[in-house]
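A short worksheet on the structure shown next.
The values are calculated or read from the model by the stated rules, or taken from the named source; none is laboratory data. A quick note: this is a predicted structure, and the numbers were derived from the prediction, not measured. Cβ: placed from backbone, ideal geometry, glycine included. Neighbour counts: every protein chain shown. Ligands, DNA and RNA are stripped out before the accessible areas are found, and what is left, the full protein with its side chains, is counted by its heavy atoms. Shrake-Rupley method; radii C 1.70, N 1.55, O 1.52, S 1.80 Å.
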Amino acid sequence: MTDQTAAPSTEYTPATTVDLSQHDKILIVDFGSQVTQLIARRVREMGVYSEIVPFQKAESAFRVMKPKAVILSGGPASVHEAGAPLAPRAIYEAGVPILGICYGEQAMAQQLGGKVEGGHHREFGRAEVEITKASPLFDGVWEVGGKYPVWMSHGDRVTQLPDGFEGLARAPGSPISVIADEKRKFYAAQFHLEVVHTPDGAKILRNFVRNIAGCTGDWTMRAFKEEAIEKIRAQVGKGRVICGLSGGVDSAVAAVLLHEAIGDQLTCVFVDHGLMRKGEAEQVVALFRNTYNIPLVHVEAEDMFVGQLTGVSDPEVKRKTIGKLFIDVFDAEAKKIGGADFLAQGTLYPDVIESVSFTGGPSVTIKSHHNVGGLPARMKMKLVEPLRELFKDEVRALGRELGLPDAFVGRHPFPGPGLAIRIPGEITREKLDILRLADEIYIEEIRRAGLYDEIWQAFAVLLPVKTVGVMGDGRTYEFVVGLRAVTSTDGMTADFYPYDMKFIGHVATRIINEVNGVNRVVYDVTSKPPGTIEWE
């Protein structure tokens, strides 16, 4: 057996705020893949709680979580590199089922005595695997002799099996594409099961999670709501909480959940920073004051935010400026109401993951307008983040469980920085007014065409260029508006929405005719690989 060990682990802190002792759990060991989140999402979709932990903390997490099974993610490293990330020996020796994906297969094979070769076996993109042996992993999905599409992304490959393993599938670029030790319930695949480009990947994962690992699927939003309410009450006690509303789904759901838990101990602060879509500020105020009767402070801070952003062109500086101003406003409002003990915000699990670079791989800090790592020392408040273990689709389900209107819960994602990141370059009031109206026309036409729920996210962008055009008998020199619409199942990968060009032509005509300052409209047909789908 190859004598390799994992990097020294550090102590694990659970991501969840609720008691999971009565639930089945899957631990996902992250080796730095940019699509590791998708594994967790797929498992959650099966009604099973999953949590992603960097490989350095895997042994501690395994000990604390006591999962029913472990999944080893992909990653950019090679097992031949010095200090390559590996799974702790304790996981292999614990007697629980393990599934390796891509790099996870290579790590498993290398650690358990097999052989991995690299340097000349690159295989990226669509491929086809042929099933050579039946397995519980394939039950009801793939048959022996069948050939099925998968998504490969690797430079190394397994060339010799560890003792006790056998090959289950092969592909042109990786003759040992799926391996298994059925006795120990160890399985691994060279391709990515978690991405939509492997059409049957979710079914294979389900076989592992529900059938092989025996997880029951008791992770529901009703159970989460009840447990989260008790956890909030225990954390807050009799303290006072300020919840920052951004106008989006996440903070709204967090606020309603908090109100159900602690009632009048909660005060919501809605910062109207002047960077929202047309009419959204009024909708937020009406929802919380009229529908839920939740104490709400409406801070009109457009002058402050736009003033601080004047002359700022760098998108990262914009985000950090907005995040700092939010904190300043919340701090000031807390003092006005006689002080608060806690600040609540709608941090989601992707925010937590993406704000920490686990392995030095593609996972990097991108949520710089969130305060995921904690609040400034000058603030005398602690963070309450009741949604920090949830993905976006789970937040929507929780919102429906809490009775939020479906028209609100089903809204397209709209990041906290708002229109600030829809205007590349410097922000001015004129640009904001132009973009707000163009965006309103675009979204209005999407709704009229009955397309809103088919699209995951749509928005307009005011590009930092002007073009010469002719309108009537006059020459114009005005802005270009870009339109973006994407379909996505998970927010990690996205493809452009295939509009009928008559629709685009109609929208463009309306924008050019009704928005002073615009003489050209373009539609973005870029597909986005894993990672952010923002346009900045």
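For region 382-476, with the dipole built from +1 on Lys and Arg beta-carbon atoms and -1 on Asp and Glu ones, taken about the Cα centre, which of 384, 457, 446 lies farthest toward the positive end?
Final value for the positive-end residue is 384.
If you count only protein heavy atoms and use a 1.4 Å probe, how large is the accessible surface of residue 414, to the nearest 10 Å²?
40
By per-residue mean of other Cβ atoms within 10 Å, what is the highest-first order of 398-404, 463-469, 99-105?
Packing order, densest peptide first, comes out as 99-105, 398-404, 463-469.
For residue 132, list long-range residues whose amide hydrogen, built 1.01 Å from N in the peptide plane, is under 5 Å from its own amide hydrogen.
145, 169, 170
Taking all protein chains as present, what is the carbon and sulfur share of the accessible area of region 262-349, in % to the nearest whole number, probe 1.4 Å?
49
Report the extension gain between residue 216 and residue 132 in nm, rounded to one decimal, defined as 0.36 nm multiplied by the number of residues separating them, less their alpha carbon distance. Working shown, then result.
Details: separation 84, 0.36 × 84 = 30.24 nm, distance 2.97 nm.
The span from residue 216 to residue 132 would gain 27.3 nm if fully extended.
Where the only charges are on Cβ atoms (+1 Lys, Arg; -1 Asp, Glu), what is the dipole of region 236-344 about its Cα centre, to the nearest 20 debye?
140
Rounded to the nearest 0.05, what FRET efficiency do residue 477 and residue 230 have when you use their Cβ-Cβ distance and R0 = 56 Å? Spell out each step's value before the answer.
Details: r = 61 Å, r/R0 = 1.09.
My answer for the efficiency is 0.35.
Could you give the accessible area per residue of the chain, probe 1.4 Å, as a whole number in Å²?
41
Restricting to the chain, compute how many DSSP beta bridges are antiparallel as a %, nearest 5.
Within the chain, antiparallel bridges account for around 50 percent of the total.
Rounded to a whole number, what % of the accessible area of region 48-193 do carbon and sulfur atoms account for, probe 1.4 Å?
Accessible surface attributable to carbon and sulfur in region 48-193 totals 47 percent.
My understanding is that a pair violates if its Cα-Cα distance is over 31 Å; which of 57/382; 25/278; 238/324; 25/392 do that in this structure?
25/278
Heavy-atom accessible area of residue 453 with all protein chains present, probe 1.4 Å, nearest 10 Å²?
Estimated to the nearest 10 Å², residue 453 gives 140 Å².
If you place +1 on the Cβ of every Lys and Arg, -1 on the Cβ of every Asp and Glu, and leave all else neutral, what size is the dipole of region 394-514 about its Cα centre, to the nearest 20 Debye? If you can, show how the numbers build up before the last one.
Working: 14 positive and 18 negative charges, 49 e Å.
The calculation lands at about 240 debye.
Grab the DSSP H runs of the chain that are 4 residues or longer, score each as -39,500 (n - 2.57), total them, divide by all residues and round the 222 nm result to the nearest 500 deg cm²/dmol.
-9000 deg cm²/dmol
Please work out the FRET efficiency for the pair residue 526 and residue 278, using the Cβ-Cβ distance as r and a Förster radius of 22 Å; give the result to the nearest 0.05.
After rounding to 0.05, the efficiency reads 0.25.
Karplus couplings for region 318-326 from phi (6.51 cos²θ - 1.76 cosθ + 1.60, θ = phi - 60°), rounded to Hz, Gly and Pro as x?
4, 4, 5, 5, 5, x, 5, 5, 4
Report in % the part of the accessible area of region 419-510 that belongs to carbon and sulfur, leaving out ligands and nucleic acids; probe 1.4 Å.
53
Residue 476's amide H: which non-local residues (gap 5+, or another chain) put their own amide H closer than 5 Å, with H modeled 1.01 Å from N in plane and none for Pro or chain starts?
Here the answer is 469, 470, 471, since their amide H atoms fall under 5 Å of that of residue 476.
So what J values fall out for region 286-302 if you push phi through Karplus, 6.51 cos²θ - 1.76 cosθ + 1.60 with θ = phi - 60°, rounded to Hz, Gly and Pro as x?
Listing the rounded values in order: 5, 4, 7, 7, 8, 7, 9, 6, 8, x, 9, 9, 9, 9, 8, 10, 4 Hz.
Need the full-extension length gain, residue 89 to residue 64, defined as separation in residues times 0.36 nm minus the C-alpha distance. One decimal, nm.
This chain segment gains 7.4 nm when fully extended.
Amide H neighbours of residue 387 under 5 Å, at least 5 residues apart or on other chains, H built in the peptide plane: list them.
347
Can you pull out the chymotrypsin sites (Phe, Trp or Tyr not before Pro) in region 389-462 that DSSP calls coil and that have at most 13 other Cβ atoms within 10 Å? Walk me through the numbers before you get to the answer.
Details: sites: 391, 408, 442, 452, 456, 459; in loops: 391, 456.
Here no loop site has a sparse enough neighbourhood.
Under the 0.36 nm per residue contour assumption, what length would be gained going from the current alpha-carbon distance of residue 314 and residue 433 to full extension?
40.8 nm
Assigning unit charges at the beta carbon (Lys, Arg +1; Asp, Glu -1) and nothing else, what dipole magnitude in debye, to the nearest 20, does region 390-433 show about its Cα centre?
Approximately 40 debye in magnitude.
Using only C-alpha positions, report the orientation-averaged shadow area of the convex hull of region 131-176, nm², one decimal.
So the Cα hull casts an average projection of 3.7 nm².
Using a basic spin-label model with each label point 7 Å from the Cα along Cα→Cβ, how many nm lie between residue 264 and residue 200?
According to this spin-label approximation, the distance is 6.1 nm.
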